[in-house]
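Peer 1: What follows is a single structure, and I will ask about it in a moment.
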Amino acid sequence: SDGEGGLEFTADRLPLFQRPDRWLAISGSGRVQTRWDKPEINASMRADGGYLEFAKTPAPSLSDDVVVLGKAAPEPPARKLQARIEVDLGQQLYLSALGLDTQLAGQLTLVARSGQALRATGSLNTVGGTFEGYGQKLAIERGLVNFQGSLDNPGLNVVALRKGLEVEAGVSILGTVRRPQIKLVSSPEVPDAEKLSWIVLGRAPDGGKIGRAHV
């Protein structure tokens, strides 16, 4: 009568979540503990395909410590669902965020609890891709995306450069999707004004001055 028991399952291209800007389909196997008041899922899956898109600026929201007077607190759910799903990202999972467009590879652990947003842990790496900055499509030289909590706010460690020039300049992106820290970088190292010129114009700033003098 309390549902105590369990079942094993195999999934084939199961849509774990589906939104126009975020979706993930997975295959694999797992086990469900079926107690009615506290069901639990443990599984190991592989991503067949997925796409994660994040707005350039987060939607406005109230801080966690803000209390709206007169608003009743929501009733706790009757069932306390627990889920832990280990996911191999495979070769068809893509991320689009803050001008970053790339494929992701690696492993991720998704954790769900009743009344809480889906959470994730894992360190992923980019496979190719570009970062759009200063009007240019910059090639990603290094790309790490670290999930340590909310699925919609991963940490970023990305270097993207305009390649094939005497000075390969670009940007470094650290921080998180919600609070990115972007700075100019180059190889070899040059002042920021010159880095920007190599990114935007593909040449040193004094090259532009000489060209105007000739005209």
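The values are calculated or read from the model by the stated rules, or taken from the named source; none is laboratory data. Treat the numbers as computed from the prediction; the structure is a model and nothing was measured. Positions of Cβ are generated from backbone atoms using ideal geometry, with glycine treated the same way; all protein chains shown enter the neighbour counts. For accessibility, only protein heavy atoms count, side chains too; no ligands or nucleic acids. Shrake-Rupley method; radii C 1.70, N 1.55, O 1.52, S 1.80 Å.
Peer 1: Among the residues of the stretch 114-134 satisfying the criterion of being modelled with pLDDT of 85 or more and farther than 19 Å from G50 by Cα, which is least open to solvent (accessible area, probe 1.4 Å)?
Peer 2: Going residue by residue through the stretch 114-134, those that are modelled with pLDDT of 85 or more are 119-132.
Checking which are farther than 19 Å from G50 by Cα leaves us with 131-132.
Values: F131: 12, E132: 104 Å².
In this case the residue turns out to be F131.
Peer 1: Taking the stretch 118-175, which residues are touching an Asp or Glu at 6+ places or on another chain (Cβ under 6 Å) and small (G, A, S)? Lay out the reasoning, then the answer.
Peer 2: Here is the first cut: in the stretch 118-175, the residues touching an Asp or Glu at 6+ places or on another chain (Cβ under 6 Å) are 129-130, 159, 161.
Residue satisfying the conditions is G129 alone.
Peer 1: Okay, next question. Go over the candidates E194, E168, E141 one by one and state the one that is closer than 28 Å to L24 by Cβ and acidic (D, E). Write out each step before concluding.
Peer 2: Working: E194 fails: closer than 28 Å to L24 by Cβ; E168 fails: closer than 28 Å to L24 by Cβ.
None of the other options fit; the residue is E141.
Peer 1: Shifting gears a bit: If the Cβ limit is 8 Å and pairs must be 6+ apart or interchain, which residue in the stretch 25-50 that is within 22 Å of Q107 (Cβ to Cβ) pairs with which residue that is open to solvent by 30 Å² or more (accessible area, probe 1.4 Å) and not in a strand (DSSP E or B)?
Peer 2: Note: pairs meeting the criteria are E40/L81; I41/L81; A47/Q92; D48/Q92; G49/Q92; G50/Q92.
Peer 1: Okay, moving on. Filtering the stretch 20-58 down to residues that are within 21 Å of the chain's Cα centre (by Cα), in a loop (DSSP other than H, G, I, E, B) and not charged (D, E, K, R), which residue is modelled with the highest pLDDT?
Peer 2: P20
Peer 1: For K183, all conditions in the list (1) at pLDDT 90 or above; (2) touching a Gly at 6+ places or on another chain (Cβ under 9 Å) hold save one; what is the number of the exception?
Peer 2: (2)
Peer 1: Which residues, counting only those in the stretch 154-197, are polar (S, T, N, Q) and open to solvent by less than 50 Å² (accessible area, probe 1.4 Å)? Reasoning before the result, please.
Peer 2: The initial filter retains those residues of the stretch 154-197 that are polar (S, T, N, Q), namely 157, 172, 176, 181, 186-187, 197.
Within the stretch 154-197, N157, S172, T176, S186, S197 meet the criteria.
Peer 1: Among G149, G133, G175, which is under 20 Å from Q103 (Cα atoms), within 15 Å of the chain's Cα centre (by Cα) and not hydrophobic (A, V, I, L, M, F, W, C)?
Peer 2: Numbers: G149 fails: under 20 Å from Q103 (Cα atoms); G133 fails: within 15 Å of the chain's Cα centre (by Cα).
It is G175.
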